[in-house]
1. Arranged from highest to lowest average of other beta-carbon atoms within 10 Å per residue, in what order do the peptides 388-400, 476-488, 172-184 appear?
2. Show which lysines lie in cross-link reach of LYS145 when reach means a straight Cα distance below 19 angstrom and same-chain residues fewer than eight apart are skipped.
3. Determine the alpha carbon to alpha carbon distance for each of LYS158/LYS268; LYS274/LYS363; LYS47/LYS186; LYS152/LYS349 and list only those over 28 Å.
4. Under 5 Å between amide H atoms, partner at least 5 residues away or on a different chain: which partners does SER472 have, H built in plane at 1.01 Å?
5. Could you give each residue of the range 379-387 its phi-based ³J(HN,Hα) in whole Hz, using Karplus coefficients 6.51, -1.76, 1.60 with θ = phi - 60°, and x for Gly or Pro?
6. Using the alpha carbons of the range 405-474, what is the convex hull volume per residue in cubic angstrom, as a whole number?
7. For the range 320-469, what does the relative contact order come out to in percent, with C-alpha contacts under 8 Å and a separation of six or more?
8. Is the C-alpha gyration tensor of the range 164-241 telling us rounded, prolate or oblate? Criteria: a/c under 1.5 is rounded; beyond that, a/b larger than b/c is prolate, otherwise oblate.
Amino acid sequence: RTTAPTSIVVFGGTGDLAKRKLFPAFFNLFIDEWMPVRFQIIALGRKQYSQEGFRAYVLENLKEFSRNNKFTEEQWLSFSEKITFLNFDITGENSFQNLNDKLTAFDVECNSRVNRLFYLSVAPNFIDSVSTSLKKAGMADEVEKDRIIIEKPFGYDKASAVALNELLNQNFKEEQIYRIDHYLGKETVQNILAFRFANTVFEPLWSNRHIESVQITVAEQVGVEDRGGYYDHSGALRDMIQNHLLQILCMVAMDAPVEFESSLIRDKKAEILKAVRRIKPEDINHYTVRAQYTDGEIKGNPKQGYKQEPGVDPNSSTETFVAMKFYIDNPRWQGVPFYMRTGKSMAQKKSCVIVNFKEVPNKTFANGTDSLRPNQLTINIQPEMDIRLSFMTKKPGLDMTLNPVEMVFDYFECAPDSPEAYETLLIDALDGDSTLFMRSDQVEEAWDIIATIQEEWKNGTYSPIYTYAAGSWGPEAANELLSRQGHRWLSAT
Ligand code: NAD
């Protein structure tokens, strides 16, 4: 349990993220006794709610979105009394004064200046005014106690990310800033480090000596739904590759830190991002594939094409699918292709990492066995949560026939009700542990990796925009990206 008494302030407390993720996460942490004994949550929003009205709204949302929805009335009542709603206009000075009064009153009640966690769950254009006002009012000045959580997107290109970091660094110390990427809070993603660095059998194989290629897939079955207006200005490269997929890449490819300590782990991740080879403009078409979904069918239902979605420009050139190949220029990974793909309206919801090992060098079984397959390690992130290692065995019988089999570790079997990513990340932020949050240099490096691609795609000089039917696995060009090197996508195709 986190012990330090804390005031939690949610800017955007009436928004979508607060409703679906933040309140359910705080509530689950509370009933599992992870929250500090003394805390308050101040939800800020522009809507007019009475205290009872807001608490009733939170209760409704918990029933719908909380992983634990069989809680007792007593549990709810003891949680709800911690919540205060404050009508708030980010651009108004009075609002910050009112907030300050509430924070100070809780300090008085606790007989000490308690910790403060400010969650900026608002549109990025408000980060400037919120952080400047917090600074001006001196509300987040205690470096050891006060933390600011920032949601993605962290800028829309490298220059804007640098500007955002400069702005934040003017108002807070870097160690106070928690840039959230919820993928890093997922059990299965965190487990990549345990799997790699707490076992002796895998790490010696984890290099270009034994690994042929690595694949990272984050496929979504949903389309842009009602977020077409936002998505059309973003696209899959910015929305997914720059953050989630590159962060997963870091977990898979980083070297072992000497200790499991925040700055050491983040140093190792930053090293990998620095070592990712930048793609030259004239090579973009060789290394990347972008595409948009057209009409198709998902789960037996017709799905309209991207350009027909509400809020999307009918002439849009925004990509809803990206496949790409990266190389990492360091001794461990030299020459190993890292393939990534992500898309919306795809055949299946599936996030996974597949490590494809080299073929056995000896020819012992070269004749008479068509089924000889290289070992494959699959880390399923969602919705399946498991690790699978495929290996060859002799099929029982009189002749020497080979057969691939799997060893499986399944999360659902041992922990069917494991915490949600936001729970893990919130408890870490309450504890002052920034290991799973992104440091400014990581964010800027990740933007740097995709900078030439963003630029080229804007100009459209080298890269066509392919199409794929909604409900498929993407355009044929994404398969060709791998088949040129004798590879193929190994999760469902
Ligand atoms: P939202 O539009 O649903 O909510 C925005 C909130 O901001 C509302 O509570 C609104 O009252 C408040 N707000 C707007 N203008 C204000 C003003 N002048 N004064 C006071 N409050 C004001 O947005 P959201 O979907 O909850 O997203 C919040 C942040 O989280 C964004 O940065 C978004 O990019 C990020 N994010 C959201 C999701 C998600 O699933 N919703 C996922 C990842 C990241």
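Bear in mind that the values in this text are calculations on the coordinates, not laboratory data. Because the structure is a prediction, the values reported are computed rather than measured. Methodologically, a virtual Cβ is constructed for each residue, glycine included, from the backbone with ideal geometry; neighbour enumeration extends over all protein chains shown.
1. On the way: 388-400: 11.9, 476-488: 15.4, 172-184: 19.9.
Taking the mean over residues of other Cβ atoms within 10 Å, the ranking is 172-184, 476-488, 388-400.
2. Within reach: LYS102, LYS135, LYS136, LYS173.
3. Numbers: LYS158/LYS268 21 Å; LYS274/LYS363 39 Å; LYS47/LYS186 32 Å; LYS152/LYS349 22 Å.
Among LYS158/LYS268; LYS274/LYS363; LYS47/LYS186; LYS152/LYS349, the Cα-Cα distance tops 28 Å for LYS274/LYS363; LYS47/LYS186.
4. Amide H neighbours of SER472, under 5 Å, 5+ apart: ALA347.
5. Residue by residue, the range 379-387 yields 10, 8, 8, 6, x, 5, 10, 7, 10 Hz.
6. On the way: hull volume 17.1 nm³, N = 70.
Expressed per residue, the convex hull around the Cα atoms of the range 405-474 is 244 Å³.
7. Numbers: 155 pairs, mean separation 17.8, N = 150.
With pairs under 8 Å counted, the relative contact order is 12 percent.
8. On the way: a/c = 2.51, a/b = 1.35, b/c = 1.85.
Oblate, since a/c reaches 1.5 and b/c is not below a/b.
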